[in-house]
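Report on the structure given below.
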Amino acid sequence: MRTARAVSLSGVSKADTHYPEDEFDVPNPDAARGVHRAPRSAWSRWWPFLAVLVAAPLAAYGLVTLAAHQDDKPTFSSSQEPEASDGPSASPGASATGGTGETPAAPPSAPTVNTSTPVVVLNAAQIAGLAKSEAKKLTDAGFTAVTPGNFTGTKPADSVVYYASEDLAPTAQLVATTLGISTATLSAADAPSGISVVLASDPSA
């Protein structure tokens, strides 16, 4: 039985043994001995700290900028709505006049004087030339469709101006005022052409 090779910790050489030398007994000065780690450069030790010093201010600046933009945005509570314009506003469903949204009807235009309305001047006083002279007064006042004539039928007690519709009331009143007649009456039957003047006497007498 072969005995095991024993190498003492006190540095026993091969000469002290009876075994032949092999490749493990020849020292190699170029062979690496133990585990070696290359020394670290100064940059590899300091770049993590430099990265933190640069990234931290950038991150803080970004957070501050984001917060500032958030504060600039207008916020509205449930009881406050943004105004659409600087003018007066009305609630939905209500008009500017306080109604229910319906457009108020325009008031009817007031009747005006129409001097082109046909006017018939009838002589019931049996005074010669009375209808023509009164008709001339109306023509001189601006009326453009005045016709004199003689009245037939029951003579009224006083001179009167008849008009056919409500819209002719202002014109009939102007005719009565021009001729000095105090009465203007709505009667389509007595004024078929528009306005009729019945002279019971000389208005200027």
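The values are calculated or read from the model by the stated rules, or taken from the named source; none is laboratory data. Keep in mind it's a predicted model, so treat the numbers as computed, not measured. Using ideal geometry, Cβ is built from the backbone for each residue, glycine included, and neighbour counts are taken over all protein chains shown.
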Filter pass, K136 being farther than 17 Å from T115 by Cα and at pLDDT 95 or above: no
Members of the range 126-175 that are of a type in the set (A, V, I, L, M, F, W, C), crowded, with 18+ Cβ neighbours inside 10 Å and either in a loop (DSSP other than H, G, I, E, B) or at positive phi (or both): F143, F151, A164
All positions within the range 176-199 that are among the aliphatic types (A, V, I, L, M) and not in a strand (DSSP E or B): A176, L179, I181, A188, A189, A191
The range 149-163 residues that are more than 16 Å from P192 (Cα to Cα) and among the hydroxyl-bearing types (S, T, Y), paired with ones that are at pLDDT 90 or above and surrounded by 12 or more Cβ atoms within 10 Å (Cβ to Cβ) (beta carbon under 7 Å, 6 or more apart): S159/I181; S159/V198; S159/L199; S159/A200; S159/S201
